[in-house]
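The values are calculated or read from the model by the stated rules, or taken from the named source; none is laboratory data. All figures in this text were calculated on a predicted structure; none of them were measured in a lab. Every residue, glycine among them, receives a Cβ derived from its backbone with ideal geometry; neighbour counts consider all protein chains shown.
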Amino acid sequence: GGIITQTPKFLIGQEGQKLTLKCQQNFNHDTMYWYRQDSGKGLRLIYYSITENDLQKGDLSEGYDASREKKSSFSLTVTSAQKNEMAVFLCASSMDNSGNTLYFGEGSRLIVV
Amino acid sequence: GDSVTQTEGQVTVSESKSLIINCTYSATSIGYPNLFWYVRYPGEGLQLLLKVITAGQKGSSRGFEATYNKEATSFHLQKASVQESDSAVYYCALRSTSGGNYKPTFGKGTSLVVHP
């Protein structure tokens, strides 16, 4: 088995600040994802990456940057945090870019003060 | 693009009663997508509950079942007798397997509360 580790679990920042979430996986999976989870809105895809150094925009990429410098890690940056962005961010990985199962981390909660 | 519609909001059921959470989908690519139910138990991460990759087949796990109905484009989640430990948030999802659009698509989630 493997594990997906998201850090930090809680990220507190000020409005306008640039904030970064990190994700590591030891499944040796090719594809990694960042989702935003809001109550009543489900999971919305922000960015995904099908291999090292690849980046693909999801449905909610505006206001975010991502980086996949290594196969095992995928980071997400909120470029200018806003109070309406407080949500849980989920990182996931899958074996490849086809119809396979996603494996999720436990989530990181963003709090903007 | 692809879309998934499932029973919205919260569903409350008494222990030992039956449950159905509806899920219908729309997939734009050629071929049949893979269909999934994911679950998030309190205090845990989102995890796979069951998946079906062949139209017409049924998947099952932890007493839950879902049948891939390609004619109705549905993948409803059912359980004959729920337990308090089934209280969780359930997400229906699909992934296309052809046509180049492999982005996973999720429904908005259904919160299940089981009363003793």
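One table, with the values for the structure above:
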read-out	value
From the options B:G59, B:G43, B:G63, residue that is more than 10 Å from the chain's Cα centre (by Cα), within 11 Å of chain A (Cβ to nearest Cβ) and free of Cβ contacts under 8 Å to residues at least 40 places away in the same chain	B:G43
Checking B:N69 against (1) within 14 Å of chain A (Cβ to nearest Cβ); (2) under 14 Å from the mean Cα position of the chain (by Cα), the condition it does not meet	(1)
Wholly within the range A:4-113, strands (runs of 3 or more DSSP E) carrying at least 1 residues that are touching a residue at least 60 places away in the same chain (Cβ under 8 Å)	A:4-7, A:10-13, A:19-25, A:31-38, A:73-78, A:88-94, A:108-112
Options B:E71, B:E65, B:E44, B:E84: the member that is touching a Pro at 6+ places or on another chain (Cβ under 6 Å) and surrounded by fewer than 19 Cβ atoms within 10 Å (Cβ to Cβ)	B:E84
Qualifying position, being modelled with pLDDT under 95, over 24 Å from A:G105 (Cα atoms) and facing chain A (nearest Cβ under 10 Å), among B:G31, B:G99, B:G9	B:G31
Those residues of the range B:53-72 which are modelled with pLDDT under 95 and within 30 Å of A:R36 (Cβ to Cβ), in sequence order	B:I53
Residues located in the range A:2-58, provided they are within 18 Å of B:Y102 (Cβ to Cβ) and among the small types (G, A, S)	A:S49, A:G58
